[in-house]
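The values are calculated or read from the model by the stated rules, or taken from the named source; none is laboratory data. This structure is a prediction, so every number in the text was calculated from the model and none was measured. Neighbour counts are summed over all protein chains in view; Cβ atoms, including those assigned to glycine, are modelled from backbone coordinates with ideal geometry. These accessible areas exclude ligands, DNA and RNA; they are computed on the full protein's heavy atoms, side chains included. Shrake-Rupley method; radii C 1.70, N 1.55, O 1.52, S 1.80 Å.
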Amino acid sequence: MSRSDRGLHRPCYHLRAMAQLPVLPFLRKQVPHMLETLRELTVRESPSLEKEPTDRCGEFLADLWLRRGATVGIVKNEKRGNHVRVVWNPPGAPPKGQLFVLGHYDTVYPSGTLAKMPFKVEGGKAYGPGTFDMKGGIVQALFALDAIREEKLNPQKRIVFLWTSDEEIGSGTSRGLIEDEARRSEAVFVLEPSLGPRGALKTSRKGVGEAQLIVHGRASHAGLAPEKGINAIHELAAQIARIEKWNNLRRGVSINADVVSGGSRTNVIADRAEAALDLRAWSEADMRALEKRLYALKPARRGAKLEIRGGFDRPPLERKHSAALFARAKSIARTLGFSLGEAAAGGGSDGNFTAALGVPTLDGLGAVGDGAHAKHEHVLVDAMPQRAALLAHLLVAY
Ligand SMILES: [Zn+2]
């Protein structure tokens with residue numbers, strides 16, 4: 001029996017008891033505080049590429065958890081913002097294992113974005129850079145812990161919250177931390193935004209990668225000695241036409257040349273050209289097959305040389321690692337009075353890393369809203385207490 005199966009068989013009596021617990025009424029009363037906390041987090045801009053402002057936001061974030069009596073460690077990071085690791089041990093008996101709540105506090109917006117895109121609450125929506133992806137989720141987690149403490153729900157497990165600073169740029173400095181924590185945990189709850197207006201959870205995500213296809217040709221005068229040249233751009237075009245045929249959208253396998261460059265001027269036959277490729281697939285097997293094909297490419301022109309770099313760097317989050325947790329979340333949602341759907345996402349998250357280790361992972365548990373990375377980014381205020389309650393119950397019932 002897998003760890004996730006074992007979890008699924010326990011909760012019935014918990015769920016019955018849950019309906020009587022006042023978690024949701026408590027959280028609904030917290031909405032003004034939740035919004036104020038979201039405002040405080042949003043006005044502290046935290047662009048992945050700017051260490052200083054991001055560290056200031058991280059300090060503020062650390063302090064929020066310290067004030068709740070959690071143990072907080074700042075994981076120093078030389079180039080990017082520091083990561084914030086929070087440990088909360090249930091009072092009383094020593095914890096029976098560990099649960100992992102995972103999210104990132106960096107955003108894709110450079111400093112100064114706030115001036116054009118200020119934090120505001122309007123028509124039941126809270127707008128601002130990073131509100132949906134994913135500061136709203138962090139706020140929900142914070143208040144889920146408040147609800148757990150206020151209602152003395154006594155979780156059985158230690159809860160580790162990790163707020164990282166570089167998810168939007170590939171998690172280069174946090175991946176090791178995330179994987180170490182996941183290995184110590186029985187389940188991972190990822191607070192990335194949910195999907196669509198009804199806030200579906202993400203039970204599968206594609207594996208994602210990036211590769212470079214570089215062509216080395218030979219330069220020559222296009223007028224005086226065209227026969228001596230090997231046109232790297234023509235060769236690249238031929239290779240792109242070849243790989244385009246590998247796309248299998250029904251199966252979810254995609255390979256796209258999204259940036260190309262090459263050549264120097266019109267009378268010189270190009271000696272170099274390159275393409276940056278975006279790679280995606282639903283399964284580990286499809287991922288490896290695509291990489292294999294890519295690395296086996298042969299030049300179409302005599303004398304041209306191909307150089308291939310990179311490949312998949314985020315494994316897929318396969319549904320088998322999230323199905324049991326999702327079933328549990330769905331029943332909890334029902335007792336809380338709403339129905340919960342699931343969705344598959346073509347983009348990756350840090351949940352891909354934890355699921356790939358075989359640790360049950362449920363993603364999309366963060367805010368309900370829209371406009372991630374866009375001007376109209378916002379969260380639905382009404383859904384905040386509801387989603388915080390869902391997380392609180394998931395943590396307590398495990
Ligand atoms: Zn995100």
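Hey, can you tell me all the residues within region 192-218 that are among the β-branched types (Val, Ile, Thr), under 25 Å from Lys320 (Cα atoms) and open to solvent by less than 20 Å² (accessible area, probe 1.4 Å)?
Correct list: Thr203 only.
Can we say Leu41 is in the same structural domain as Val139 (by TED's automatic domain parsing), among the hydrophobic types (A, V, I, L, M, F, W, C) and touching a Cys at 6+ places or on another chain (Cβ under 9 Å)?
Yes, satisfied.
So which residues in region 372-393 are buried (at least 23 other Cβ atoms within 10 Å of the Cβ) and among the aliphatic types (A, V, I, L, M), if there are any at all?
The answer is Val379, Met384, Ala388, Ala389, Leu390, Leu391, Ala392.
Given the criterion farther than 30 Å from Glu307 by Cα and within 19 Å of the chain's Cα centre (by Cα), identify the matching residue among Leu99, Leu145, Leu153, Leu114.
Unique residue meeting the criteria: Leu99.
Test each condition in (1) under 21 Å from the mean Cα position of the chain (by Cα); (2) small (Gly, Ala, Ser); (3) part of a strand (DSSP E or B) for Ala62 and report the one that comes out false.
Going through the list (1) under 21 Å from the mean Cα position of the chain (by Cα); (2) small (Gly, Ala, Ser); (3) part of a strand (DSSP E or B), Ala62 breaks only (3).
Do we have Arg205 as within 30 Å of Val381 (Cβ to Cβ) and in contact (Cβ under 8 Å) with a residue 40 or more places away in the chain here?
yes
Can you name every residue in region 357-398 that is modelled with pLDDT of 95 or more, among the hydrophobic types (A, V, I, L, M, F, W, C) and over 13 Å from Ile148 (Cα atoms)?
Of everything in region 357-398, those that are modelled with pLDDT of 95 or more, among the hydrophobic types (A, V, I, L, M, F, W, C) and over 13 Å from Ile148 (Cα atoms) turn out to be Leu357, Val359, Leu362, Leu365, Ala367, Val368, Val379, Leu380, Val381, Ala383, Met384.
Filter region 219-265 down to residues that are in a loop (DSSP other than H, G, I, E, B), polar (S, T, N, Q) and open to solvent by 60 Å² or more (accessible area, probe 1.4 Å), then give me how many there are.
The total comes to 1.
Go through region 297-325 and report how many residues are over 19 Å from Asn256 (Cα atoms), of a type in the set (A, V, I, L, M) and part of a strand (DSSP E or B).
Total satisfying the criteria: 1.
If I ask for residues that are within 16 Å of the ligand (Cβ to nearest atom), assigned to a loop (DSSP other than H, G, I, E, B) and in contact with a Gly (Cβ under 7 Å, 6 or more places away or on another chain), which ones from region 144-202 would you list?
Result: Ser165, Asp166, Leu191, Glu192, Pro193, Ser194.
When you scan region 98-120, do you find a residue that is within 16 Å of the ligand (Cβ to nearest atom), assigned to a loop (DSSP other than H, G, I, E, B) and open to solvent by 40 Å² or more (accessible area, probe 1.4 Å), even just one?
Yes: one or more hits.
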